[in-house]
1. Report the semi-axes of the equivalent ellipsoid for the chain in whole Å, largest first, where each axis is √(5λ) for an eigenvalue λ of the Cα gyration tensor.
2. HN-Hα J couplings of the range 34-42 from phi, Karplus 6.51/-1.76/1.60, θ = phi - 60°, integer Hz, Gly and Pro as x?
3. Within the accessible area of the chain, what % is carbon and sulfur when the probe is 1.4 Å and the other protein chains stay in place?
4. Please go through the residue pairs 35/115; 16/127; 2/37; 57/127 and name each one whose alpha carbons sit more than 25 Å apart in this structure.
5. At 222 nm, what helix-only mean residue ellipticity would the chain give, in deg cm²/dmol to the nearest 500, using -39500 (n - 2.57) for each DSSP H run of four or more?
6. Using a 1.4 angstrom probe on the protein heavy atoms only, could you order 60, 20 from most to least accessible area?
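The values are calculated or read from the model by the stated rules, or taken from the named source; none is laboratory data. Predicted, not measured: the structure shown is a model, and the values here were computed from it. Note: accessible area is taken over every heavy atom of the protein model, side chains too, but ligands, DNA and RNA are not part of it. Shrake-Rupley method; radii C 1.70, N 1.55, O 1.52, S 1.80 Å.
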Amino acid sequence: MKIIIINGPNLNLLGKREPEIYGSQSFEEYFEILKAKYPSIQLFYFQSNVEGEIIDKIHEVGFCYDAILLNAGGYTHTSVAISDAIAGVTTPTLEVHISNIYKREEFRHKSIISKSCIGMISGLGLKGYELGLQYFITT
């Protein structure tokens with residue numbers, strides 16, 4: 001099974017950025033824990049602050065991977081193009097958010113990408129990524 005985690009803008013700052021919201025662990029540290037915990041899964045990770053690079057990655061993996069876990073960051077609320085990229089590929093995509101987007105600013109309550117995703121995990125911290133992996137492993 002091949003699964004990729006794609007993180008969008010500013011998620012490269014995890015562990016440094018607003019630790020009261022996002023925690024103090026970097027995503028790279030967390031990703032190593034996931035790989036060790038799930039050695040039978042081919043896990044990949046990609047992060048970009050650039051919308052077009054995220055779209056390119058979705059296109060690249062969207063017909064040959066088993067699953068995409070996507071935290072589009074701020075693009076969740078603005079990117080029709082990322083939503084269209086998800087809709088245009090056959091690999092199922094699960095939307096993940098570290099914080100509870102519905103407990104934050106009102107503009108974060110609307111996800112443009114949700115309609116193209118099979119579901120959403122929001123507000124469970126980094127654990128949301130692991131829950132997403134478990135979903136794909138068991139379905």
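1. 20, 19, 14
2. These are the phi-based 3J(HN,Hα) values: 4, 4, 5, 6, 10, x, 7, 9, 7 Hz.
3. Whole-percent figure for carbon plus sulfur exposure: 54.
4. 35/115
5. Numbers: 5 runs with 46 residues, N = 139.
Using -39500 (n - 2.57) per qualifying helix, the result is -9500 deg cm²/dmol.
6. Details: 60 115, 20 145 Å².
Highest to lowest solvent-accessible surface, that is 20, 60.
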